[in-house]
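Structure, as C-alpha cells:
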Amino acid sequence: MKSINKNLFLKTLECPVFAWHLYRGLVPKDNSLTDDFLIMEAKKIHDMAKMLFPDGIQVSGKFEEALQQTKDLIKDKTVKTIFEPVFEYDGFVAKADILHRTGNNLWEIIEVKSGNKWKHKYISDTAYISLIASKTIPSISKATLYLLSKDFRLGNSIEELFNEVDCSFDVFTKAEDYSILLDTVKDVLFAEAPKKKKLKMPCKNCSLFKQCTGEGIEYHIFDLPRLSQLVFNKLCENKIYDIKNLPEDIELTQMQKVVKDCVINDKIYVSFDLKTELEKIVFPCYYLDFESVMTIYPLYNNIAPHTQVLTQYSIHKCDAIEHIIDHFEYIADHKQDCRKQIAKKLIEILGTQGSIITYSSAEKQIIEKLAVLYPELAQQLEAITERIVDFEQILRTNYYDKRFHGRTSIKKVLPVMIPQMNYSELEIGEGDVALSAFAYMAMGLYDDEKVKETKQNLLKYCEQDTLALVEMHKFLYEASKNV
C-alpha cells in the first residue's frame, strides 16, 4: 500500500469517502493555469523564507534518499537549519518547510504560509507534520508559523515579509489528538469499499457530489438558497434530500418556497416587481465589467500581499435595450500599477448620467476602494457607485429557473437564460484563469508575442461579460412583460 501523506490524513478526518477515492487516484485533478500559478506563488514565498536562514541545507532527491539525508543532517550537530526535511512513521509521511535547531538537542518546526491571518487549517497542517516528525526527533520543542505581514510592501526587506507566530501549544495539543487516530485513518483508506455516505454541508461543493451523496437526485435540497444548518439538519434527520419530497410544514424562506414551487410544478418564477426594478434603469446605460489581479507576493511597488489590483474593464453603452451605441475597453500595462489611470478613464467614459449595470457587487466595491486610494477623485467615483444596478441582486429576488440549481453566478445562469452565449470558444473563459494570465505577464514570464496574444484573449473575455449583461437585460425585459 502506498504511503499516507498530510493531505490524505486530514482529508480522511474531514470526509472518509472523499479520502478513500483520493487515495486510489479516483478524484479528478485540476491541472489548470490557475492551479500551476498558485503552486508557483507558494514556492516563491517558501523560497523567500529560506533566505532568512543563510546557513540552511536543502534536502533533495527521491523519498528514500531524502529520508536518509534528513536523518544524517539531524545527527550532525553543526547543522543549524534544514529545508524541507522528510519523515516517515508506520506508513505515514510528512515534509516540513523548515527545521531549525534551537539548542543542543532541541528543534523548532517552522511552517511557511501564504496567508496573513491565523487559521485552524494551519494548526492542523503543522500538527500532523509535528506528530510524524516527533517519531524521528523526540526533542521538538517549538512550532512556529510564518505568516505574511500586512505591513510589507514591495521594496521592503525580506525580514519584513513575515510575522512569526508561536503556535506550539495548539500544535502539540492537536498532534496528541492525532496520534490516536493513525490506525483509524489506515482502516478507512485500506478498506475494500468506502464508508457509508453521510450528507454534510461541505458536500455541496465537493467534486464527487454527483456520484456520492447527490447521486440520482436532480433537484437536491442544496438547491434551496441560503439553506440554514437548522433546516438542513432537520431534513437529514428525516432522510429528505430531494426538493420534490419536502414536507408541507417545513419552514422555508420566501425564495426557498419559490425554488420548491418551480421544481415541483415545473415552472419559471417571474416576480411582479421585476418590471418595476427594470423601469428604474435610466438610459443611456453602461454595462460594466472589471478584471483584476491579486497575488500573494506584490507585483508593484508600495502594494501589500494579497492586494486586489484593477487591471481591465469592458463597457458597452446602450441608448435602448440591446441597442449598443459604443464599446470601451482597456487593459493595463502589465509592468506597472495603472489603477489611477483606470479611475480617470472610468470617470470620463461613465459621465454623470445613466444607469451602470454590473453583475454582482464586485465592481462597486472596487470603485469604492479606488475612491479611498485616490481622494482627489473620490467625489466623482462615489457618484458613479450611486448609479450602479446589480443584475445579480435583481435576478436573485425576481427570477428563477429550476435549472439554476439554486445558484446565481453568471456562469451558472447565463447558459440557461441565453444558451447561445457561452465561453467555451474563448481561449480564456474563467475569471481565475484571467487573473493568472495577467499575473504571468506582470512577472515577466511571457515573451512579447505571448503577451500580445494574452492581452487580446483577456479583452475578448471581458467583452463577453458585458455583452452577456446586454443580452440578459433584454431577456429579463421580455420575461417581465409576461407577468
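The values are calculated or read from the model by the stated rules, or taken from the named source; none is laboratory data. Given the structure is predicted, the values throughout are model-derived calculations rather than measurements. Cβ atoms come from the backbone with ideal geometry, glycine included; neighbour counts cover every protein chain shown. Please note that ligands, DNA and RNA were not included when accessible areas were found on the heavy atoms of the full protein model with its side chains. Shrake-Rupley method; radii C 1.70, N 1.55, O 1.52, S 1.80 Å.
If the condition is being open to solvent by less than 90 Å² (accessible area, probe 1.4 Å) and in a helix (DSSP H, G or I), then the range 69-79 contributes GLN69, THR70, LYS71, ASP72, LEU73, ILE74.
Can you tell me which of CYS262, CYS236 is surrounded by 17 or more Cβ atoms within 10 Å (Cβ to Cβ), within 33 Å of the chain's Cα centre (by Cα) and over 30 Å from GLU348 (Cα atoms)?
Details: CYS236 fails: surrounded by 17 or more Cβ atoms within 10 Å (Cβ to Cβ).
CYS262 is the lone residue from the list that is surrounded by 17 or more Cβ atoms within 10 Å (Cβ to Cβ), within 33 Å of the chain's Cα centre (by Cα) and over 30 Å from GLU348 (Cα atoms).
Sub-7 Å Cβ pairs linking a first residue in the range 279-293 that is in contact (Cβ under 8 Å) with a residue 60 or more places away in the chain to a second residue that is open to solvent by less than 20 Å² (accessible area, probe 1.4 Å) and of a type in the set (Lys, Arg), at least 6 apart or interchain, number zero. Would you confirm whether or not the range 55-62 contains a residue that is farther than 18 Å from SER130 by Cα and part of a helix (DSSP H, G or I)? Scanning the range 55-62 turns up no residue that is farther than 18 Å from SER130 by Cα and part of a helix (DSSP H, G or I).
Among the residues of the range 351-373, is any in contact with a Leu (Cβ under 8 Å, 6 or more places away or on another chain), open to solvent by 40 Å² or more (accessible area, probe 1.4 Å) and part of a helix (DSSP H, G or I)?
Just the residues of the range 351-373 that are in contact with a Leu (Cβ under 8 Å, 6 or more places away or on another chain), to begin with: 356-359, 363, 366-368, 370-371.
Among the residues that remain, those that are also open to solvent by 40 Å² or more (accessible area, probe 1.4 Å) are: 368.
Of the ones still in play, those that are also part of a helix (DSSP H, G or I) are 368.
The answer is yes; a qualifying residue exists.
When ALA42 is tested against (1) surrounded by fewer than 18 Cβ atoms within 10 Å (Cβ to Cβ); (2) in contact with a strand residue (DSSP E or B) (Cβ under 7 Å, 6 or more places away or on another chain), just one condition goes unmet, and that condition is (2).
Please tell me if ALA19 is open to solvent by less than 60 Å² (accessible area, probe 1.4 Å) and under 28 Å from VAL165 (Cα atoms). Against the criterion (open to solvent by less than 60 Å² (accessible area, probe 1.4 Å) and under 28 Å from VAL165 (Cα atoms)), ALA19 does not qualify.
Scanning the range 198-216 for residues that are open to solvent by 30 Å² or more (accessible area, probe 1.4 Å) and not in a helix (DSSP H, G or I), which turns out farthest from PHE18 (Cα to Cα)? Please lay out each step first, then the result.
We begin by selecting, within the range 198-216, every residue open to solvent by 30 Å² or more (accessible area, probe 1.4 Å); these are 198, 200-202, 204-207, 210-211, 215-216.
Within this subset, residues satisfying the condition of being not in a helix (DSSP H, G or I) are 198, 200, 206-207, 215-216.
Numbers: LYS198: 11, LYS200: 12, CYS206: 9, SER207: 9, GLU215: 14, GLY216: 18 Å.
Top of the filtered list is GLY216.
Scanning the range 196-230 for residues that are within 24 Å of LYS2 (Cβ to Cβ) and touching a Phe, Trp or Tyr at 6+ places or on another chain (Cβ under 7 Å) yields CYS206, LEU208. Just give me the residues in the range 266-286 being in contact with a Phe, Trp or Tyr (Cβ under 8 Å, 6 or more places away or on another chain) and of a type outside the set (S, T, N, Q), in sequence order. Passing the criteria: ILE268, TYR269, VAL270, LEU274, LEU278.
Suppose we filter the range 301-329 for residues that are open to solvent by less than 30 Å² (accessible area, probe 1.4 Å) and more than 16 Å from ALA437 (Cα to Cα); how many remain?
Start the filter on the range 301-329 by keeping residues that are open to solvent by less than 30 Å² (accessible area, probe 1.4 Å), which leaves 303-305, 309-316, 318.
Pick out the ones that are also more than 16 Å from ALA437 (Cα to Cα) and you get 303-305, 314-316, 318.
Number satisfying all stated conditions: 7.
If you go through the range 217-233 and keep only what is farther than 16 Å from LYS198 by Cβ and either assigned to a loop (DSSP other than H, G, I, E, B) or open to solvent by 20 Å² or more (accessible area, probe 1.4 Å) (or both), you end up with GLU218, TYR219, LEU224, PRO225, ARG226, LEU227, SER228, LEU230, VAL231. The number of residues in the range 74-102 that are over 19 Å from ASP47 (Cβ atoms) and without any contact (Cβ under 8 Å) to a residue 40 or more places away in the chain comes to 6.
Among the residues of the range 217-228, is any within 25 Å of the chain's Cα centre (by Cα) and closer than 30 Å to TYR297 by Cα? No.
Take the residues of the range 1-35 that are free of Cβ contacts under 8 Å to residues at least 40 places away in the same chain and not in a loop (DSSP other than H, G, I, E, B): which is nearest to GLU111 (Cα to Cα)?
Here is the first cut: in the range 1-35, the residues free of Cβ contacts under 8 Å to residues at least 40 places away in the same chain are 2, 7, 11, 22, 24-26, 29-31, 35.
Narrowing the set further to residues that are not in a loop (DSSP other than H, G, I, E, B) leaves 7, 11, 22, 35.
On the way: ASN7: 15, LYS11: 19, LEU22: 24, ASP35: 21 Å.
My answer is ASN7.
Conditions (1) touching a helix residue (DSSP H, G or I) at 6+ places or on another chain (Cβ under 6 Å); (2) of a type in the set (Val, Ile, Thr); (3) under 23 Å from LEU274 (Cβ atoms), marked per residue:
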site: GLU329; (1), (2), (3): yes, no, no
site: ARG339; (1), (2), (3): no, no, no
site: ILE342; (1), (2), (3): no, yes, no
site: ILE367; (1), (2), (3): yes, yes, no
site: LEU370; (1), (2), (3): yes, no, no
site: GLU382; (1), (2), (3): yes, no, no
site: GLU392; (1), (2), (3): no, no, yes
site: ARG407; (1), (2), (3): no, no, yes
site: MET421; (1), (2), (3): yes, no, yes
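Taken across the range 378-400, residues that are of a type in the set (Val, Ile, Thr), in a loop (DSSP other than H, G, I, E, B), farther than 26 Å from ASP337 by Cα and open to solvent by 20 Å² or more (accessible area, probe 1.4 Å) do not occur at all.
Pairing each residue of the range 312-341 that is closer than 14 Å to ILE357 by Cβ and in contact (Cβ under 8 Å) with a residue 12 or more places away in the chain with any residue that is open to solvent by 10 Å² or more (accessible area, probe 1.4 Å) and hydroxyl-bearing (Ser, Thr, Tyr), provided the two are 6+ apart or on different chains, yields C-beta distances under 6 Å for TYR313/TYR330; ILE315/TYR286; LYS317/TYR286; ILE321/TYR477.
Listed by first and then second residue, the pairs with beta-carbon distance under 6 Å, at least 6 apart or on different chains, first residue in the range 399-425 and at pLDDT 90 or above, second open to solvent by less than 70 Å² (accessible area, probe 1.4 Å) and in a loop (DSSP other than H, G, I, E, B), are GLY406/PRO225; ILE410/TYR359; LEU414/MET421; VAL416/ASP401. Restricting the range 272-298 to residues that are aliphatic (A, V, I, L, M) and under 27 Å from GLN464 (Cα atoms), the residue that is surrounded by the most Cβ atoms within 10 Å (Cβ to Cβ) is LEU288. From the residues in the range 178-197 that are out of contact with any strand residue (DSSP E or B) (no Cβ under 7 Å at 6 or more places or on another chain) and among the hydrophobic types (A, V, I, L, M, F, W, C), which one is surrounded by the most Cβ atoms within 10 Å (Cβ to Cβ)? Per the stated criteria, the residue is VAL188. Taking the range 80-102 as the range and being within 29 Å of GLU159 (Cα to Cα), open to solvent by 10 Å² or more (accessible area, probe 1.4 Å) and outside any strand (DSSP E or B) as the test, the residues that pass are LYS80, GLU84, ASP97, THR102.
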